[in-house]
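**Student:** The structure that follows is given in the form of C-alpha cells.
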C-alpha cells in the first residue's frame, strides 16, 4: 500500500489545502463554504459583502428602538433618569434621543458610520455605568443588571469594530468612494 503524495497535482495550486479528502477546490464544482470560512485560504464573497450590512442593521436596531421609545414615553424615561440621581433630565433625555436616533440611523444607512459608531460608543460609557451599575443593586437585581452591563460591553465592542473598519461595501460611506 502506498502513501498518497503530498505534492500538488496539476489541478492543485501550490500551498492550497484540499477541501476534503475527496479532492481539491479545483476538483469540486461548488467549493465548500465552511472550508473557506475556517481555513483562511479563501473567502465567501457573500459574507464579505453582506455581513457588515446585517451587523449594522442588528446593532442599529437597539438604538433606534430605544430612542423612539424615549420619545413615546418621555415622562416615564424622565422619571427613571431622575431616580438615578441625574440632573438636567430634560436636556439629557433630549440628548439621549438625538444620539440614539441619529447614531442608529448613521449605522443603519452606513452614512458617516465611523463617527456614528464612535458617538454611540462614547454614549454607552456613562449610560452603562449609570443605568446598569450592578454593584449598587439589591441582590434580587444584580443578575439582570450584570447581564445588561455585559450586553452593553458587547455592543460597545461591535461599535468599536465599526468605528475601526467602517460600514462595509453596502453603505452610503462606500458609495461615495467608488469610481464612476
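The values are calculated or read from the model by the stated rules, or taken from the named source; none is laboratory data. All of these numbers come straight from a predicted model, not from anything done at the bench. Here Cβ is always computed from backbone atoms with ideal geometry, including for glycine, and neighbour counts include all displayed protein chains.
This table checks each residue for (1) surrounded by fewer than 14 Cβ atoms within 10 Å (Cβ to Cβ); (2) outside any loop (DSSP other than H, G, I, E, B); (3) modelled with pLDDT under 60; (4) in contact with a strand residue (DSSP E or B) (Cβ under 8 Å, 6 or more places away or on another chain).
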| position | (1), (2), (3), (4) |
| --- | --- |
| 14 | yes, no, yes, no |
| 43 | yes, no, no, no |
| 62 | no, yes, no, no |
| 87 | yes, no, no, no |
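**Student:** Give the residue, chosen from 93, 58, that is part of a helix (DSSP H, G or I) and either in contact (Cβ under 8 Å) with a residue 12 or more places away in the chain or under 24 Å from residue 137 (Cα atoms) (or both).
**Tutor:** Working: 58 fails: either in contact (Cβ under 8 Å) with a residue 12 or more places away in the chain or under 24 Å from residue 137 (Cα atoms) (or both).
Result of the check over 93, 58: 93.
Residues are listed down the side, and each one gets a yes or a no for (1) under 17 Å from the mean Cα position of the chain (by Cα); (2) surrounded by 11 or more Cβ atoms within 10 Å (Cβ to Cβ); (3) modelled with pLDDT under 95:
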site	(1), (2), (3)
152	yes, yes, no
164	yes, no, no
170	yes, yes, yes
174	no, yes, yes
179	no, no, yes
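**Student:** Exactly one condition in (1) over 15 Å from residue 163 (Cα atoms); (2) within 23 Å of the chain's Cα centre (by Cα) is not met by residue 74; state its number.
**Tutor:** Single failed check for residue 74: (2).
**Student:** Follow-up. Can you pull out every residue in the range 64-85 that is at pLDDT 95 or above and not in a helix (DSSP H, G or I)?
**Tutor:** Listed by number, the list holds a single entry, 73.
**Student:** Just need a number here: residues in the range 101-143 that are closer than 21 Å to residue 158 by Cα and assigned to a helix (DSSP H, G or I).
**Tutor:** Count: 28.
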